[in-house]
Protein chains: 2
Amino acid sequence: MNRVFKALADPTRRSVLELLREGPMSAGDLAGHFPVSKATMSAHFAVLREASLVDTEKQGTTVIYHLQVSVLEDALLGLASAVGLGLTSKQPVKGEKS
Amino acid sequence: MNRVFKALADPTRRSVLELLREGPMSAGDLAGHFPVSKATMSAHFAVLREASLVDTEKQGTTVIYHLQVSVLEDALLGLASAVGLGLTSKQPVKGEKS
DNA sequence: TCGCTGTTTAGCTAAACATCGAAATAGGAG
DNA sequence: CTCCTATTTCGATGTTTAGCTAAACAGCGA
């Protein structure tokens, strides 16, 4: 839980999660969206992985990142309830396009 | 918004918010709940203030901290919606006792 | 095997952070 | 005015973090 909030503390990492909302994406594609080196991005990915906010799948030479929605949801709802904030999950999350 | 998530990244600060759920509390009382120095706690308070997660009221010599529920709610809902998580606020938050 | 692409590791610097004890500030009570 | 209590600020220290470049690693296709 702590790791989740630590992971969320960085704007780049939050943006990665947003990009992943649209669907799984390779590390390279993700990295292409940010003005930092690939090595730096890889470190961000590691933090997200440690927090279980994403998981990975290898497809040949590339690594595909998936958003783990439920982990984020649990963290947000957990904190919300701890501070007495009445938040509820509206609906199971499917693949939706904006 | 970034400041809010940075503030939430520390477990001590999250605990402070939880304590404040029960109602306003003085800096001294809050500090009494944690095994760190008052100076350290004061620094944590400053971070929470900068994020507008709490605000203060002076009563003579003591400083009373209040939880700013709406700021936290906005941050959590904002992120949730950014990643396509369907969270909704259940009800306006009143003063409730557990 | 060689070379290409994508990803991670290694080694580093600079900045940010958590923490402390001690000193400074601000009100209230004598 | 002086003292006491509550809180914050100051200066210092050790740890963590984001960032870089360069090197290493892992598959793929020829």
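The values are calculated or read from the model by the stated rules, or taken from the named source; none is laboratory data. Quick caveat: nothing in here was measured; it's all calculated off a predicted structure. All Cβ positions, even for glycine, are placed from backbone atoms using ideal geometry, and neighbour counts span all protein chains on display. The accessibility values were calculated without ligands, DNA or RNA, using every heavy atom of the protein model including side chains. Shrake-Rupley method; radii C 1.70, N 1.55, O 1.52, S 1.80 Å.
With respect to B:LYS58, determine if the residue is open to solvent by 60 Å² or more (accessible area, probe 1.4 Å), within 16 Å of A:ALA9 (Cβ to Cβ) and within 13 Å of DNA strand C (Cβ to nearest atom). Answer is no for this residue. Just name the residue that is nearest to B:LEU53 (Cα to Cα) out of those in the range B:1-18 that are in contact (Cβ under 8 Å) with a residue 60 or more places away in the chain and more than 8 Å from chain A (Cβ to nearest Cβ). Filtering first and then ranking leaves B:VAL4. Check the range B:30-41 and report whether any residue there is facing another protein chain (nearest Cβ under 7 Å) and away from DNA strand C (no atom under 12 Å from the Cβ). Checked the range B:30-41: no residue is facing another protein chain (nearest Cβ under 7 Å) and away from DNA strand C (no atom under 12 Å from the Cβ). Taken over the range B:67-85, the criterion of being of a type outside the set (Val, Ile, Thr), buried (at least 18 other Cβ atoms within 10 Å of the Cβ) and at negative phi is satisfied by B:LEU67, B:GLN68, B:LEU72, B:GLU73, B:ALA75, B:LEU76, B:LEU77, B:LEU79, B:ALA80, B:LEU85. Filtered by the rule that a residue be at pLDDT 95 or above and out of contact with any Leu (no Cβ under 8 Å at 6 or more places or on another chain), the range A:13-23 gives A:SER15, A:GLU18.
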